[in-house]
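Before any comments, here is the structure.
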Amino acid sequence: MDEGKNTINGLTSAEAAMLQERYGKNAFESGKNETFLKKVFEIVREPMFLLLIAASVIYFLLGEARDGSIMLIFVAGIIIIDVVQEWKTDKTLRALKKLSAPLVTVIRDGAETEIDSRDLVPGDAMLLHEGLKIPADGVILKASDLRADESTLTGEAEGVWKTVSDGETDDAYWRRDTCYAGTLVTQGTALVRVTKIGAETEYGKIGAAIAETREEKTPLQKQTDVIVKTSAGIAGVLFAIVSITTYFNIPDYAPGSRLIESILAGITLMMAMIPEEFPVILTVFLSMGAWRLARKNALVKRLPSVETLGAVSVLCVDKTGTLTLNRMTVNETWATGGDDAGLCEAMGLACEREAYDPMEKAMLVYCEKSGITKEHLFGGKLITEYAFTDELKMMGHVWRHDNEILLAAKGSPEHILSLCVLTDDEKHAAEEKVLELSEKGLRVIAVGMMKADGPEDIPEKLTGAKLRLRGLIGLLDPPRDGVKDDIAVCTRAGIRVVMITGDSGVTAASIARQVGISDSGGVVTGAMLDALSDDELREKVKTVRIFSRVIPEHKMRIVKALKANGEIVAMTGDGVNDAPALKSADIGIAMGKRGSEVSREASDLILMDDRFKTIVETVHDGRRIFDNIRKAVGYVFTIHIPIAFSALLAPMFGIGPESLFLLPLHVVLLELVIDPTCSVVLERLPAEETVMQRPPRKPDAKLLTKRTLLKSILQGLFVLAGAFGAYFFTLQNGASDAPLARGMGLGVLLLANIFLILVNSSDTESVFVSVRRLWREKTVRAAVLGIILMLVLVLYTPLAGFLKLSGPGLPQFLIVLGLAAASVLWYELVKAVRRKQQPV
């Protein structure tokens, strides 16, 4: 097959499929998925599972094969739960990765189609535009103002202007008629025929340098590592204490059995002490949080960003497309001398033939409506063009049009007016009109034109032109519906919204007033920013909420100044030059619809719908996720305290191994409840109603604060008192009825789990309010019913005998229920006091 035969029309789907069979995916390396057995091995290596297996072996050594077998069955059950959780997490992350895969537009089956860049094949007709990271090597067939940053390959920082291939051989290694994978389109558009993909590209040849780097642990992961290691150290010390105490408490046992029973008691305590759920909590909460955000059109690229969202204190947003609809229309014009037709023609000639910018599209639509067609505008010969830059904020084209050489230019009024030949009165009139249009919230563009007698009169740079002012264009981009309410939500949540725009200060202030952004701090322009030192800027950003006429370098300075003041900054961006500021922000937010591939790559979060409301929702979810992580950590500590201390207290009260409250298989049984509760149920908890009515948390906030730890310790001790008390007094009164005593104590522990979920779902609202809110969640209902079902199975079925348990009668069960409720519901009094102390 001739791979280039359908260059302009593109390939057919069948041809593309055949070529992909031959060349494979456009990827530099293929990731290997972990096998099921490898996942199981990774889980079994965890300290908790090693202890479980050790306990099973000890049961077999003691001749209690039945208990050892039950232990192994429980171990297998927990492994299955953990493997399923891992699989769901991996599936979620793979889905997120697929959603964030770079897309590219190609011509397939004669139509423009957006595909995953991994599906490119040699022969594809690929469309490039400003802001795209080029995904494959290719020859340029058509181009308009195409410039590429090839520094990743050549080391040269200066952009390279590209040309259309003429089919001739060029001896240069880096060709101007070729685009290269891994480089960036910084300006213009092009149609390119793909020649090389994957490892065959110039970028792919340096594959060793493209290898993924090992990710560092996040602050949250480091915090949990410290907690787990500390707990493991304490568990080791207590293991020795319990083992020794038990050994001396059972002198009647044979030396071998005595030692094994002592070790078994110590292992029970260690199993109870090690909070192995912490790493699972972080992985599951962040990955599932990211998945839920993706369903709300917010694609998270870095999992740690999920919890960082909840700490955002300043939100820097662009005006166009974020606060406004990005639907430009020409709303009002002002032509010098009343020559509307002349203004309209000059405006059209200053636009690109294939308009990419929304403003240019609006201008060309206005020209069509005014009777000036594209065929008339672009029917002549383009002689040269002056590209738009952030510094100049204007652009122009030189056309041979209707037997004349015309230079048409448009841009910001202050820059275009500086090139126009005007009297003082004319300049004053123009400036007054600019102010009038800006105060209406219109984006104002000035248009100028110059006639040249011959090619020698064409200026080398646009700044050398002497223009005649044709007039002004007022473009309307109305605010998004509901954005004012969303900004009000941010204000109540203690988040300061800062507008950063390239538009004029007057226009920016007008839009700010319409959407509810305060301009009490005044407006700071790019020119004013240049005159400020870094220290002065740090003071300014404390009060200023509107920055106008800024360039990307200014955005970077603003972000750094805010961060230097201790703020957690989220920043939106869509252009190539926004990438450094997005990288500098704590949360870089790229626009998925209109954003460049470069900005998406530099960001932490991609808005698939470009809506401001989506940003607010992500902050809301970020706060919910961090709250739930903290609740899960507190829950793990709370529930481990009664389990651990029960294993510690029994030997100290001189209770023999045959009557111990919790045997290893009972700890495993409880883990079957604890694991799903902390990693599934608590992850699904809905946000509290006040989540967006409180200030952002501090950036250095700990997962386990002194307040949370104290609450967990107190709750854990109360549950311990209820569970161990029920067990101990039943044992004392029933002489040697250990199974019933265990059943009483275990019943309190299991039912206390239900009350812990309901009571701790909110630090302020009443449990009765929480129940109404939580009962709508399927996972909460399933957890409550599941715990009740487990309680029935282990206490009132033949399984009770295998587990060395006995179910209490109705009067005793009511005592169990009362102790479980009292051991947790006392915290409602604390919440009631807090509610009274809160300001109305």
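The values are calculated or read from the model by the stated rules, or taken from the named source; none is laboratory data. These numbers were taken from a predicted model, which means no experiment stands behind them. Note that we place each Cβ from the backbone using ideal geometry, even for glycine, and neighbour counts take in every protein chain shown. Accessible surface is based on the protein model in full, side chains and every heavy atom, while ligands, DNA and RNA are left aside. Shrake-Rupley method; radii C 1.70, N 1.55, O 1.52, S 1.80 Å.
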- line: Rounded to the nearest 0.05, FRET efficiency between A782 and L103 (Cβ-Cβ, R0 35 Å) equals 0.35
message: Please report the antiparallel percentage of the DSSP beta bridges confined to the stretch 382-515, to the nearest 5.
response: 95 percent
- prompt: the stretch 701-777: which chymotrypsin sites (Phe, Trp or Tyr not before Pro) are DSSP loop and have at most 15 other beta-carbon atoms within 10 angstrom?
  reply: W775
- request: Figure the gain on full extension for I383 and Q693 (residue separation times 0.36 nm, minus the Cα-Cα span) and round it to one decimal in nm.
  value: 105.6 nm
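Could you report the stretch 413-537's accessible area per residue, 1.4 Å probe, as an integer in Å²? Walk me through the intermediate numbers first.
On the way: 5800 Å² over 125 residues.
Value for the stretch 413-537: 46 Å² per residue.
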Net charge of neighbours whose Cβ lies under 11 Å from the Cβ of R549, counting Lys and Arg as +1 and Asp and Glu as -1: -3
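Please say if the stretch 770-824 is rounded, prolate or oblate, where rounded means a/c under 1.5 for a ≥ b ≥ c the square roots of the C-alpha gyration tensor eigenvalues, and otherwise the choice is prolate for a/b larger than b/c and oblate otherwise? Spell out each step's value before the answer.
On the way: a/c = 3.34, a/b = 1.54, b/c = 2.16.
Note, shape of the stretch 770-824 comes out oblate.
Please give me, ordered by residue number, the GluC sites (Glu not before Pro) of the stretch 369-403 that lie in loop per DSSP and have at most 15 other Cβ atoms within 10 Å. Don't jump to the answer; show the numbers that get you there.
On the way: sites: E375, E385, E391; in loops: E391.
Listed in order of number, the matching sites are E391.
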statement: In order over the stretch 499-507: 3J(HN,Hα) from phi, Karplus 6.51/-1.76/1.60, θ = phi - 60°, whole Hz, x for each Gly or Pro, gives 8, 10, 9, x, 6, 6, x, 5, 5
- prompt: If you plug each phi of the stretch 603-618 into the Karplus form 6.51 cos²θ - 1.76 cosθ + 1.60 with θ = phi - 60°, what whole-Hz ³J(HN,Hα) values come out, in order, with x for Gly and Pro?
  reply: 8, 9, 9, 10, 8, 6, 10, 6, 9, 5, 4, 5, 4, 4, 5, 5
- prompt: Taking R0 as 25 Å, what's the FRET efficiency between I551 and E354 from their Cβ-Cβ distance, rounded to 0.05?
  reply: 0.50
query: How high is the relative contact order of the stretch 569-628, in percent, counting Cα pairs under 8 Å that sit 6 or more residues apart?
result: 27 percent
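For Q812 and A832, compute 0.36 nm times the residue count separating them, minus their Cα-Cα distance, and round to one decimal in nm. Please report the intermediate quantities before stating the final value.
Working: separation 20, 0.36 × 20 = 7.20 nm, distance 3.06 nm.
Working it through step by step, the gained length comes to 4.1 nm.
With a ≥ b ≥ c the root eigenvalues of the C-alpha gyration tensor of the stretch 317-439, is it rounded (a/c under 1.5), prolate (a/b larger than b/c) or oblate? Don't skip to the end; give the middle numbers.
On the way: a/c = 1.44, a/b = 1.13, b/c = 1.28.
Rounded.
If you put +1 on each Lys and Arg Cβ and -1 on each Asp and Glu Cβ, how big is the dipole of the stretch 602-744 around its Cα centre, in Debye rounded to 20?
Values: 15 positive and 14 negative charges, 119 e Å.
In total the dipole reaches around 580 debye.
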message: Based on C-alpha coordinates, I'd like the Rg and Dmax of the stretch 451-542, in Å.
response: 19.9, 63
query: Percent relative contact order of the stretch 562-695, based on C-alpha pairs within less than 8 angstrom and at least six residues apart?
result: 17 percent
- prompt: Just the Cα atoms of the stretch 282-348: what Rg and Dmax do they give in Å?
  reply: 22.3, 68
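Which of the GluC sites (Glu not before Pro) across the stretch 315-368 are loop residues per DSSP, with 16 or fewer other Cβ within 10 Å?
On the way: sites: E332, E345, E352, E354, E360, E368; in loops: E352, E354.
Hits after loop and neighbour filter: E354.
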field: Most positive-pole-ward Cα, A446, A387, V421, against dipole of the stretch 334-454 from beta carbon charges
entry: A387
- line: Residues whose modelled amide H sits under 5 Å from the amide H of A298, counting only those 5 or more places away in sequence or on another chain, are M608
field: Lys, Arg +1 and Asp, Glu -1 on Cβ, resulting dipole of the stretch 446-535 about Cα centre, debye, nearest 20
entry: 340 debye
message: Report, in listed order, any pair from K301/K583; K778/K836; K25/K583; K540/K563; K296/K593; K706/K831 with a Cα-Cα distance greater than 21 Å.
response: K778/K836; K25/K583
query: According to the square roots a ≥ b ≥ c of the eigenvalues of the Cα gyration tensor, what is the shape class of the stretch 358-406, taking rounded for a/c under 1.5, prolate for a/b larger than b/c otherwise, and oblate for the remainder?
result: oblate
statement: Highest mean packing first, using Cβ neighbours within 10 angstrom, the peptides 634-647, 439-452 sort as 634-647, 439-452
query: Dipole size in debye (nearest 20) for the stretch 559-641 around its Cα centre, Lys and Arg Cβ +1, Asp and Glu Cβ -1?
result: 240 debye
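Any idea what the relative contact order of the stretch 683-802 is, in percent, if you count C-alpha pairs under 8 Å spaced at least 6 apart? All intermediate terms of the calculation are to be shown ahead of the outcome.
On the way: 61 pairs, mean separation 26.5, N = 120.
Relative contact order here is 22 percent.
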statement: Here the FRET efficiency for T12 versus F653, based on Cβ atoms and R0 = 60 Å and rounded to 0.05, is 0.15
- prompt: Share of the stretch 639-751's accessible area from carbon and sulfur, percent, 1.4 Å?
  reply: 64 percent
